[in-house]
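Peer 1: Please see the structure below; I have some questions.
The values are calculated or read from the model by the stated rules, or taken from the named source; none is laboratory data. Note that the coordinates shown come from a computational prediction; the quantities given were computed from them, not determined experimentally. We place every Cβ from the backbone using ideal geometry, glycine too, and count neighbours over all the protein chains shown.
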Amino acid sequence: MRIVLDTNVLVSALLTQGGIPDQAVGLVLAGRCALIVDSRILAEYRAVLERPEFGFPSGEVDALLAFVERAEWVVADPLDLTLPDETDRPFLEVAVAGGADALVTGNPKHFRVRGIRLDLAVLTPRGLLERLARG
């Protein structure tokens, strides 16, 4: 399965090791899901994960970002649509451009687009685990 991970999934994974988001990220790290990114997504991952208020160990962040740099990279065209949170636009654009099977986020309501049928599942981390368990 080819996926795009919203930044909030990575943050949740690092905050609660062993939790559902951490298990979802673990699927990517284990190669069960292929991650799709672009430069905007990597930049956001870096900016958010390096925020001092999180206090994530720099070695852990560096290792995760080094893994992300080896993901599948795409160049996404702008989509003519409006999102409830426009900062989520890169994630949707990359998912569409990369032909992702799913966009995985803790905030699926941020990706509800009226009047447009996207050939893309928007899943929570739990939804991703459930989908993969069903085969």
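Peer 1: Could you check Tyr45 against (1) closer than 14 Å to Asn8 by Cα; (2) in contact (Cβ under 8 Å) with a residue 12 or more places away in the chain; (3) touching a helix residue (DSSP H, G or I) at 6+ places or on another chain (Cβ under 9 Å); (4) loosely packed, with under 15 Cβ neighbours inside 10 Å and say which number it fails?
Peer 2: Of (1) closer than 14 Å to Asn8 by Cα; (2) in contact (Cβ under 8 Å) with a residue 12 or more places away in the chain; (3) touching a helix residue (DSSP H, G or I) at 6+ places or on another chain (Cβ under 9 Å); (4) loosely packed, with under 15 Cβ neighbours inside 10 Å, only one is false for Tyr45: (4).
Peer 1: Could you list all residues from the stretch 88-126 that are free of Cβ contacts under 8 Å to residues at least 12 places away in the same chain and within 15 Å of the chain's Cα centre (by Cα)?
Peer 2: The answer is Arg89, and nothing else.
Peer 1: Right, here's the next one. Give just the number: which of (1) surrounded by 14 or more Cβ atoms within 10 Å (Cβ to Cβ); (2) more than 24 Å from Leu15 (Cβ to Cβ); (3) modelled with pLDDT of 95 or more does Leu65 not satisfy?
Peer 2: Answer for Leu65: the failing condition is (2).
Peer 1: Being in contact with a Phe, Trp or Tyr (Cβ under 7 Å, 6 or more places away or on another chain) and surrounded by 15 or more Cβ atoms within 10 Å (Cβ to Cβ) narrows it down to one residue among Leu79, Leu10; which is it?
Peer 2: Going through Leu79, Leu10 in turn, the sole match is Leu10.
Peer 1: What number goes with the only condition from (1) at pLDDT below 95; (2) closer than 19 Å to Val11 by Cβ; (3) more than 16 Å from the chain's Cα centre (by Cα) that Gly55 does not pass?
Peer 2: Exception for Gly55: condition (1).
Peer 1: Determine which member of the set Ala71, Ala66 is among the small types (Gly, Ala, Ser), out of contact with any Phe, Trp or Tyr (no Cβ under 9 Å at 6 or more places or on another chain) and touching a residue at least 12 places away in the same chain (Cβ under 8 Å).
Peer 2: The match here is Ala71.
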